[in-house]
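Structure first, then comments.
The values are calculated or read from the model by the stated rules, or taken from the named source; none is laboratory data. Quick caveat, the model's predicted, so the values are computed rather than measured. We place every Cβ from the backbone using ideal geometry, glycine too, and count neighbours over all the protein chains shown.
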Amino acid sequence: MDPRKRRELEAEHHPDAVRHRLNAPQPVRTVPDAILGGIDGCVTTFAVVSGAFGAGFSATVALVLGAANLLADGFSMAVSNYESIQAQRDYIQGVRDREHLHIDEVPEGEREEIRQIFRRKGLEGATLERVVEAITGNREVWVDTMLTEEHGLQTLGLSPLRSALTTFLAFLVVGAMPLLPYTLPALGIAQQFFASLAVAGLMFFGIGMLKSLVYGQPVLKSGVRTLLMGGAAAGLAFATGHLAQALFGVAP
């Protein structure tokens, strides 16, 4: 390992640094919500633009449909994200209440669960019993341990309102980008579409790169993969619009 990186790694694992990191409040994770909202917003609006172009509609129709879908779908997605995370929090609270009840009613059975959980981790004998006594000596630690170890639940970093707002804002900001060329009347309809295509491609690739930086994935691979997924959605929308125009005589 590079000496400089090794020194940084050692500094991060100094007892004081570890204590500070573990005692810090758990941050609410908004990056996944922003990535989800951004990708879906760009796909939604550019799919409308592609469908309108494929059907031969005017720039005005594409702009109106795109803006309407941007607001309606963005709000719908934010509400869905809010309800999903709130339901998760309600479920976790229900499990927490049930574990408190079990501790009151069958404490020895709950201690045995803790014992078997840590026995599976390789602890035995006096060491195992000390761990069991330490955990069950604090009721909240006991319940939290059961939530994570028995039920596999993540209890930190869940904020329905913040997730919903992050999703909505990312949806609006990124989703509006493919519509910008349609606000330039000096461009022809074909020029507006291809400019929108270029902007959407940049958005997809940029979101993929952001995702790679946050999660430590290869930058180019992640960018190209997100670009291809967005392009596939736009291609389907274009084909659908073109097919609808051909089959049903949808007039531009």
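Here are the numbers:
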item: Close pairs (7 angstrom Cβ cut-off, 6 or more residues apart or separate chains): closer than 18 Å to A195 by Cα in region 33-56, acidic (D, E) anywhere; result: T44/D73
item: Enumeration of residues in region 155-174 that are surrounded by 24 or more Cβ atoms within 10 Å (Cβ to Cβ) and either at pLDDT below 90 or within 30 Å of W142 (Cα to Cα) (or both); result: S163
item: Test for A190: is it at pLDDT below 90 and farther than 20 Å from A34 by Cα; result: yes
item: Selection count, region 121-146, where residues are surrounded by fewer than 17 Cβ atoms within 10 Å (Cβ to Cβ) and assigned to a helix (DSSP H, G or I); result: 10
item: Q93 being within 30 Å of the chain's Cα centre (by Cα), assigned to a helix (DSSP H, G or I) and touching a residue at least 40 places away in the same chain (Cβ under 8 Å); result: no
item: Matching residues in region 85-111 - criterion: being out of contact with any helix residue (DSSP H, G or I) (no Cβ under 8 Å at 6 or more places or on another chain) and among the acidic types (D, E); result: D90, D97, D104, E105, E108
item: F118 vs. criteria aromatic (F, W, Y), at pLDDT 90 or above, assigned to a helix (DSSP H, G or I) and surrounded by 15 or more Cβ atoms within 10 Å (Cβ to Cβ); result: yes
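So that you can scan it fast, the table gives a plain yes or no per residue for (1) at pLDDT 80 or above; (2) outside any helix (DSSP H, G or I); (3) out of contact with any helix residue (DSSP H, G or I) (no Cβ under 9 Å at 6 or more places or on another chain):
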{"site": "L22", "(1), (2), (3)": "no, no, yes"}
{"site": "P25", "(1), (2), (3)": "no, yes, yes"}
{"site": "L36", "(1), (2), (3)": "yes, no, no"}
{"site": "D40", "(1), (2), (3)": "yes, no, no"}
{"site": "A47", "(1), (2), (3)": "yes, no, no"}
{"site": "V64", "(1), (2), (3)": "yes, no, yes"}
{"site": "N69", "(1), (2), (3)": "yes, no, no"}
{"site": "E83", "(1), (2), (3)": "yes, no, no"}
